[in-house]
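S.K.: This structure is in structure tokens; I'll ask about it shortly.
The values are calculated or read from the model by the stated rules, or taken from the named source; none is laboratory data. Quick caveat, the model's predicted, so the values are computed rather than measured. Cβ placement follows ideal geometry from the backbone for every residue including glycine, while neighbour counts extend to all protein chains displayed. Please note that ligands, DNA and RNA were not included when accessible areas were found on the heavy atoms of the full protein model with its side chains. Shrake-Rupley method; radii C 1.70, N 1.55, O 1.52, S 1.80 Å.
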Amino acid sequence: MKIEPAEKSVLNGKVSGGSVDAARSRRRRFVRLAQSAVIALIAFGASNTAFIDPLLAQTTIRLNENAPGDTDPARSTRAIGSILFYNIYDTLLLPGEGGQGAQPHLAESYTIDGDAYTFKLRQGVKFVSGNELTAEDVVFSLERLIAIGAGPAPLFKGWVKSAEAVDKYTVRITTTAPYAPFLAATFRLGIVEKAVVLANLGKGDFGEMKDYGQAYLVMNSAGTGAYKIVSHAPQTQTVLEKNPDYFLPIPADAPDRVVLSYGVEQATQVALMRRGELDIMSQWASPETKRTTLGIEGVSILGEAGLTALQIKLNTTRAPLDDVHCRRALALGLDYETLASLANISDDAKGARVTNGPLLNGMLGYDANIPVYKRDMDAAKAELAQCKYKAGDHEMEIVWLAEVPLEERFALLMQQNWGELGFNTKINRVPVSLYYQSVANKDTSPHVSQIFPSALSPDPDSYLSSVYGTDVRGQPYAAEWLSDEKVDELLAKGRETIDPDKRAPIYSELAARLRELQPSIWAYEAVTTYPKSAKVSVPLLEEPGRNLRVAGMNMMFRMMKAAPAAK
Amino acid sequence: MLSYLIWRLAGSLVTLVGVSILIFGIARIVPGDPARLALGPAATAAQVDEYRERLGLDQPLPLQYFDYVSGLVHGDMGISLYTNRPVASDIIQGLPATLELVSASAIIMLIFGIAIGVFSARYRNRLPDHIARVFSLLGIVTPAFVWAIFLMLIFSDRLGWFPISGRLSEGVAAPPTMTGFYLIDSLLNGQFATFMDALVHLALPAIALSLPGLGQAARLTRVNIVEAYDQPYAEMARAYGLSSRKIAFKYTLRPALIPTLTVLGMDIASKLGNAFLVEAVFVWPGVANYGVQTILQKDLNGIIGTVLVISAFFLLINLAVDICVSLLDPRVHLRGA
């Protein structure tokens, strides 16, 4: 073995040799090199906007939402899916401003003759492929939606008897029976280009239609929308840009580009807003996170009401809640003001407003003269005295959804409020997947659970029939397991009555009947809140009376205004 | 060596089949109706039943597994109920980004972790050692996502030195895909500006993901080197008057690295699954978050696809570690069955 000259004392590490200077010099050189690399890296990081100039000429807005970004109009009912839907596809009609009635869109006019709805299409509307929209595309889109059976399909399935292209620009859709919600249902019928879909069929189970183009439409647009897809990764990001061939004029101050990112951590969203790299924060951020953004210059809170409400579901088949007096006692014993305040961001930015029953404010049949719910312990005790059970006889399970942390606070408040009446409760945290499974059986459906059912369309039938009809018992929104002939009769009557003036009293009567039965506690009407930067304005939500009351529709980017980048 | 590799790869295939059976069964036993979750709460019971039938979920479990494997051998991992597109496309889209992140963090972890371990052992029970140990311990006990938020808030949000989100700045085109790793692809295409942009985007997430493992690497290296210092061969080297650096790097580091690498190999492999929170913080377009979402949404095909990819990664890393160990220790011979 070759023996090296001693350079250091191994044990004490002291230096004692002739090549020490060389070693030191090497070390210094290495340290200097490392320092230079770090400084260069940092300097580059701090100034790496140098080569993004080409995009600064455009106005870009950036939003965050929960993944995945659904782009297939036959599936798009989630929040992000709805936003994408109303920007890359169009519908025959749109709701009138304020969410009332219907106004022409792809259809320039429509007529109703009994159960037949005839739509006259605009001429010259182009798909992003450059081909013209025809009646065949509308018929195909409807058939495709019903066949796939997901998303908005319940609005049409079982109700459409036939759909035919009368001529190139005329479509006739016949319903199986008088179906008043049909016009509002068309707000969810996105029109896809038949030829493009047929040219891109993948492997699937729909016979000659294979997968009905689902794999293609998950990644690509085949619509006429005001925006077209530039890039799309359903789990991470979608980039859209203005469609220069859109059939309606798009204002110059509408954003040229939109970047939607998915599933970004809340602290990151705040940091991005502070740096001006995020314009509209996710609606799913906690009230605390949203409150943090109020400290950022120019940030304000957008509120979108009329889409959903917190329903506290009472299983009407399990003791003690199979007695209406016990249910009413719970409703009267709840502190609504405190509960709603838990969802608020600030005094000016409310995430909740206490309501007066099952209908959302402004919905057909809603009666603003009915007072909102408030806690009344004396009345609660009086109801409890009439209940055939004593408050402490049965332990009640209060469930909150693991995916909605805010519900835990609501559950704790319920436990405290109802404990004052003598009710014995336990709180359980349950993931959505388990919740859906448990409500499918009346014996496993929790005594008390909380959910925010969202209406597929602004029509009251869409909102109420998926919760209170006997035929939907056990479905996720119908954990009450309510079965009441009068309710079923009014739901059917409301569906069959076409004239809005005659429908309104039917829903008022239905709301009164539900208030009497108290299958749910209508805790508050939710106001979906989005912190937004000063760079963007959303007139549909900022100007009174313009809210379209359909999820995603108020986020039509062509209706927004974006200031140029300030970099 | 070649026969060993073939033998190990064959063994890996058997392991993957076992994993697929296990996960296939578990994913179906776990409560929750995938058809209901896919169609959403507004779908009617009839629609859900019809969809379940279309997915083949009404078939006996062995038949469902046979169908799945039949597709798999043709490269078809099925359709994701979560994103409604082929699972393979979902994974391929995000996997390179996650692999680049994991690789970068593994490099940081190994280089700095081992260096700190050697340094710490060299000055054992003295101030530099104490500082290094505290740092290592801090790294281990603090989850990667906490480091991610901490680094993001300090260096991106407050100081503005690094970008917060994504793999590249807006307007910077991704380099032509060769490996899917932006750092490598940009260099191979001579795009130095893109390389630097990718590097500054990668720096913080990679550091955040590396820190827990880095602490582990430092501690393991220190312990094993300290142990090696007490071995007779180290005593002999000291008796010969060899430099402490030479003893450290030539005589004690190699044997000390063997147990360290074995543990760290598993640590690197587990980063593939654990990266999702770091990805969420830095808006990193990877696949780790997809894996988590598939479980939450009970996306049967997505769960199996993700688990198979992670399992394959584990097996590959394990193989790489065995090869490294055989290179470090000449007494270890890699032989086939």
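S.K.: Inspect all residues belonging to region B:250-260 and state whether any of them is part of a helix (DSSP H, G or I), buried (at least 23 other Cβ atoms within 10 Å of the Cβ) and not polar (S, T, N, Q).
M.R.: Just the residues of region B:250-260 that are part of a helix (DSSP H, G or I), to begin with: B:250-260.
Those left that are additionally buried (at least 23 other Cβ atoms within 10 Å of the Cβ): B:252, B:256-257, B:260.
Now restrict to residues that are not polar (S, T, N, Q): B:256-257.
For region B:250-260, residues part of a helix (DSSP H, G or I), buried (at least 23 other Cβ atoms within 10 Å of the Cβ) and not polar (S, T, N, Q): present.
S.K.: Within region B:121-149, which residues are modelled with pLDDT of 90 or more, buried (at least 16 other Cβ atoms within 10 Å of the Cβ) and within 13 Å of chain A (Cβ to nearest Cβ)?
M.R.: B:Asp129, B:Ala144, B:Phe145, B:Trp147, B:Ala148, B:Ile149
S.K.: How many residues are free of Cβ contacts under 8 Å to residues at least 40 places away in the same chain, more than 9 Å from every other protein chain (Cβ to nearest Cβ) and either of a type outside the set (Gly, Ala, Ser) or in a helix (DSSP H, G or I) (or both) if we restrict to region B:159-176?
M.R.: We begin by selecting, within region B:159-176, every residue free of Cβ contacts under 8 Å to residues at least 40 places away in the same chain; these are B:159-161, B:163, B:168-176.
Filter once more, keeping what is more than 9 Å from every other protein chain (Cβ to nearest Cβ): B:168, B:173-176.
Narrowing the set further to residues that are either of a type outside the set (Gly, Ala, Ser) or in a helix (DSSP H, G or I) (or both) leaves B:168, B:175-176.
Here the count works out to 3.
S.K.: Does A:Ala46 count as within 14 Å of chain B (Cβ to nearest Cβ), open to solvent by 60 Å² or more (accessible area, probe 1.4 Å) and modelled with pLDDT under 90? Outline the logic, then answer.
M.R.: Working: within 14 Å of chain B (Cβ to nearest Cβ): yes; open to solvent by 60 Å² or more (accessible area, probe 1.4 Å): yes; modelled with pLDDT under 90: yes.
Here the answer is yes, as A:Ala46 does meet what is asked.
S.K.: Out of curiosity, is A:Glu164 in a strand (DSSP E or B), of a type in the set (D, E, K, R) and under 30 Å from A:Gln58 (Cβ atoms)? Break it down stepwise before answering.
M.R.: Values: in a strand (DSSP E or B): yes; of a type in the set (D, E, K, R): yes; under 30 Å from A:Gln58 (Cβ atoms): no.
Taking the combined requirement at face value, the residue does not satisfy it.
S.K.: Still on this model: Look at A:Ala195 and say whether it is of a type in the set (Gly, Ala, Ser) and under 29 Å from the mean Cα position of the chain (by Cα). If you could, list the steps in order and put the result at the bottom.
M.R.: Working: of a type in the set (Gly, Ala, Ser): yes; under 29 Å from the mean Cα position of the chain (by Cα): no.
Taking the combined requirement at face value, the residue does not satisfy it.
S.K.: Restricting to region B:204-238, what's the tally of residues that are over 25 Å from B:Met266 (Cβ atoms) and crowded, with 22+ Cβ neighbours inside 10 Å?
M.R.: Here is the first cut: in region B:204-238, the ones over 25 Å from B:Met266 (Cβ atoms) are B:229-238.
Narrowing the set further to residues that are crowded, with 22+ Cβ neighbours inside 10 Å leaves B:229, B:237.
Qualifying residue count, region B:204-238: 2.
S.K.: Among B:Asp67, B:Asp49, B:Asp76, B:Asp58, which is assigned to a loop (DSSP other than H, G, I, E, B), of a type in the set (D, E, K, R) and open to solvent by 70 Å² or more (accessible area, probe 1.4 Å)? So that I can check it myself, show each step before the final result.
M.R.: Details: B:Asp67 fails: assigned to a loop (DSSP other than H, G, I, E, B); B:Asp49 fails: assigned to a loop (DSSP other than H, G, I, E, B); B:Asp76 fails: open to solvent by 70 Å² or more (accessible area, probe 1.4 Å).
On inspection, the qualifying residue turns out to be B:Asp58.
S.K.: From the list A:Asp443, A:Asp378, A:Asp367, which one is closer than 30 Å to A:Gly96 by Cα, away from every other protein chain (no Cβ under 14 Å) and surrounded by fewer than 17 Cβ atoms within 10 Å (Cβ to Cβ)?
M.R.: Details: A:Asp443 fails: closer than 30 Å to A:Gly96 by Cα; A:Asp378 fails: closer than 30 Å to A:Gly96 by Cα.
Only one candidate qualifies: A:Asp367.
S.K.: Output yes when any residue across region A:332-342 is crowded, with 20+ Cβ neighbours inside 10 Å, touching a residue at least 60 places away in the same chain (Cβ under 8 Å) and part of a loop (DSSP other than H, G, I, E, B), and no when none is. Step through it out loud before you land on a result.
M.R.: First pass over region A:332-342, keeping only residues crowded, with 20+ Cβ neighbours inside 10 Å: A:332-334, A:336, A:339-340.
After this cut, where a residue has to be touching a residue at least 60 places away in the same chain (Cβ under 8 Å) as well, the list is A:333-334, A:336, A:339-340.
From what is left, the residues that are part of a loop (DSSP other than H, G, I, E, B) are A:334.
Within region A:332-342, one or more residues are crowded, with 20+ Cβ neighbours inside 10 Å, touching a residue at least 60 places away in the same chain (Cβ under 8 Å) and part of a loop (DSSP other than H, G, I, E, B).
Quick grid of which residues meet (1) touching an Asp or Glu at 6+ places or on another chain (Cβ under 9 Å); (2) small (Gly, Ala, Ser):
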site: A:Ser286; (1), (2): no, yes
site: A:Gly333; (1), (2): yes, yes
site: A:Glu337; (1), (2): no, no
site: A:Leu342; (1), (2): no, no
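S.K.: Out of curiosity, is B:Ile247 buried (at least 21 other Cβ atoms within 10 Å of the Cβ), β-branched (Val, Ile, Thr) and farther than 28 Å from A:Glu265 by Cβ?
M.R.: On the way: buried (at least 21 other Cβ atoms within 10 Å of the Cβ): yes; β-branched (Val, Ile, Thr): yes; farther than 28 Å from A:Glu265 by Cβ: yes.
Spelling it out, B:Ile247 is indeed buried (at least 21 other Cβ atoms within 10 Å of the Cβ), β-branched (Val, Ile, Thr) and farther than 28 Å from A:Glu265 by Cβ.
S.K.: What's the total number of residues in region A:499-542 that are more than 25 Å from the chain's Cα centre (by Cα) and either under 30 Å from A:Arg274 (Cα atoms) or among the acidic types (Asp, Glu) (or both)?
M.R.: Residues that pass the stated criteria total 4.
S.K.: Is it the case that B:Leu95 is within 8 Å of another protein chain (Cβ to nearest Cβ), among the hydrophobic types (A, V, I, L, M, F, W, C), closer than 19 Å to B:Gly302 by Cα and buried (at least 17 other Cβ atoms within 10 Å of the Cβ)? Outline the logic, then answer.
M.R.: Working: within 8 Å of another protein chain (Cβ to nearest Cβ): no; among the hydrophobic types (A, V, I, L, M, F, W, C): yes; closer than 19 Å to B:Gly302 by Cα: yes; buried (at least 17 other Cβ atoms within 10 Å of the Cβ): yes.
No.
S.K.: So, in region A:199-246, of the ones that are over 19 Å from B:Ile91 (Cβ atoms) and modelled with pLDDT under 90, which residue ends up surrounded by the fewest Cβ atoms within 10 Å (Cβ to Cβ)?
M.R.: A:Asp205
S.K.: Ok, one more. Within region A:461-475, which residues are among the charged types (D, E, K, R) and out of contact with any Phe, Trp or Tyr (no Cβ under 7 Å at 6 or more places or on another chain)? So that I can check it myself, show each step before the final result.
M.R.: Within region A:461-475, the first condition is being among the charged types (D, E, K, R), and the residues that meet it are A:461, A:471, A:473.
A:Asp461, A:Asp471, listed by residue number.
Per-residue answers, yes or no, for (1) touching a strand residue (DSSP E or B) at 6+ places or on another chain (Cβ under 7 Å); (2) on the phi > 0 side of the Ramachandran plot; (3) crowded, with 24+ Cβ neighbours inside 10 Å; (4) in contact (Cβ under 8 Å) with a residue 60 or more places away in the chain:
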{"position": "A:Asp90", "(1), (2), (3), (4)": "no, no, yes, yes"}
{"position": "A:Glu97", "(1), (2), (3), (4)": "no, no, no, yes"}
{"position": "A:Thr111", "(1), (2), (3), (4)": "yes, no, no, no"}
{"position": "A:Tyr117", "(1), (2), (3), (4)": "yes, no, no, yes"}
{"position": "A:Lys126", "(1), (2), (3), (4)": "yes, no, no, yes"}
{"position": "A:Val139", "(1), (2), (3), (4)": "yes, no, no, no"}
{"position": "A:Trp159", "(1), (2), (3), (4)": "yes, no, no, no"}
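S.K.: I've got another one for you. Cβ-Cβ distance below 7 Å, separation of 6 or more or different chains: which pairs start in region B:71-100 with a residue that is at pLDDT below 90 and end on one that is of a type in the set (Lys, Arg)?
M.R.: Qualifying pairs under 7 Å: B:Ile79/B:Arg85; B:Asn84/A:Arg75.
S.K.: Next question. Only one residue in A:Asp72, A:Asp53 is at pLDDT below 90 and within 8 Å of chain B (Cβ to nearest Cβ). Which one?
M.R.: Values: A:Asp72 fails: at pLDDT below 90.
Answer to the check: A:Asp53.
S.K.: Then there is this: Evaluate the following for B:Ile107: is it within 23 Å of the chain's Cα centre (by Cα), of a type in the set (Val, Ile, Thr) and either open to solvent by less than 50 Å² (accessible area, probe 1.4 Å) or away from chain A (no Cβ under 14 Å) (or both)? So that I can check it myself, show each step before the final result.
M.R.: Numbers: within 23 Å of the chain's Cα centre (by Cα): yes; of a type in the set (Val, Ile, Thr): yes; either open to solvent by less than 50 Å² (accessible area, probe 1.4 Å) or away from chain A (no Cβ under 14 Å) (or both): yes.
Yes; evaluated as a whole, the condition is true for this residue.
S.K.: A:Asp461 fails exactly one of the following numbered conditions: (1) surrounded by fewer than 23 Cβ atoms within 10 Å (Cβ to Cβ); (2) in a helix (DSSP H, G or I). What is the number of that condition?
M.R.: (1)
S.K.: Considering only residues that are small (Gly, Ala, Ser), modelled with pLDDT of 85 or more and in contact with an Asp or Glu (Cβ under 6 Å, 6 or more places away or on another chain), which ones fall in region B:245-292?
M.R.: Hits for region B:245-292 are B:Ala280, B:Gly286.
S.K.: For B:Met196, only one of the following conditions fails: (1) over 20 Å from B:His130 (Cβ atoms); (2) in contact (Cβ under 8 Å) with a residue 60 or more places away in the chain. What is its number?
M.R.: (2)
S.K.: Suppose the filter is touching a Phe, Trp or Tyr at 6+ places or on another chain (Cβ under 7 Å) and farther than 30 Å from A:Glu489 by Cβ; does A:Met556 pass it?
M.R.: Details: touching a Phe, Trp or Tyr at 6+ places or on another chain (Cβ under 7 Å): yes; farther than 30 Å from A:Glu489 by Cβ: yes.
Yes; evaluated as a whole, the condition is true for this residue.
S.K.: Any residue in region B:294-310 that is without any contact (Cβ under 8 Å) to a residue 24 or more places away in the chain, out of contact with any Lys or Arg (no Cβ under 7 Å at 6 or more places or on another chain) and in a helix (DSSP H, G or I)? Before you say what the answer is, go through the steps one by one.
M.R.: Narrowing region B:294-310 to residues without any contact (Cβ under 8 Å) to a residue 24 or more places away in the chain: B:295-296.
Keeping just the survivors that are out of contact with any Lys or Arg (no Cβ under 7 Å at 6 or more places or on another chain) gives B:295-296.
Next, from what is left, pick out any that are in a helix (DSSP H, G or I): B:295-296.
Yes, region B:294-310 has at least one match.
S.K.: Same structure, new question: Within region B:34-44, is there a residue that is within 14 Å of another protein chain (Cβ to nearest Cβ) and either open to solvent by 40 Å² or more (accessible area, probe 1.4 Å) or polar (S, T, N, Q) (or both)? Spell out how you get there, then give the answer.
M.R.: Narrowing region B:34-44 to residues within 14 Å of another protein chain (Cβ to nearest Cβ): B:34-44.
From what is left, the residues that are either open to solvent by 40 Å² or more (accessible area, probe 1.4 Å) or polar (S, T, N, Q) (or both) are B:44.
Taking every residue of region B:34-44 in turn, at least one turns out to be within 14 Å of another protein chain (Cβ to nearest Cβ) and either open to solvent by 40 Å² or more (accessible area, probe 1.4 Å) or polar (S, T, N, Q) (or both).
S.K.: Kindly provide the set of residues from region A:171-198 that are closer than 25 Å to B:Ile79 by Cα, open to solvent by less than 20 Å² (accessible area, probe 1.4 Å) and more than 14 Å from every other protein chain (Cβ to nearest Cβ), ordered by number.
M.R.: Those that are closer than 25 Å to B:Ile79 by Cα, open to solvent by less than 20 Å² (accessible area, probe 1.4 Å) and more than 14 Å from every other protein chain (Cβ to nearest Cβ): A:Leu189, A:Gly190, A:Ile191, A:Val192, A:Glu193, A:Val197.
S.K.: If you don't mind, there's one more thing I want to ask. Listed residues A:Ala511, A:Ala455; which is under 16 Å from B:Thr44 (Cβ atoms) and buried (at least 23 other Cβ atoms within 10 Å of the Cβ)? Full working, then the answer.
M.R.: Numbers: A:Ala511 fails: under 16 Å from B:Thr44 (Cβ atoms).
Of A:Ala511, A:Ala455, the one residue that is under 16 Å from B:Thr44 (Cβ atoms) and buried (at least 23 other Cβ atoms within 10 Å of the Cβ) is A:Ala455.
Here is a yes/no grid of residues against (1) assigned to a helix (DSSP H, G or I); (2) farther than 21 Å from B:Leu296 by Cα:
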residue: B:Ser3; (1), (2): yes, yes
residue: B:Ala10; (1), (2): yes, yes
residue: B:Gly25; (1), (2): yes, no
residue: B:Pro41; (1), (2): no, no
residue: B:Glu53; (1), (2): yes, yes
residue: B:Thr98; (1), (2): yes, no
residue: B:Ala115; (1), (2): yes, yes
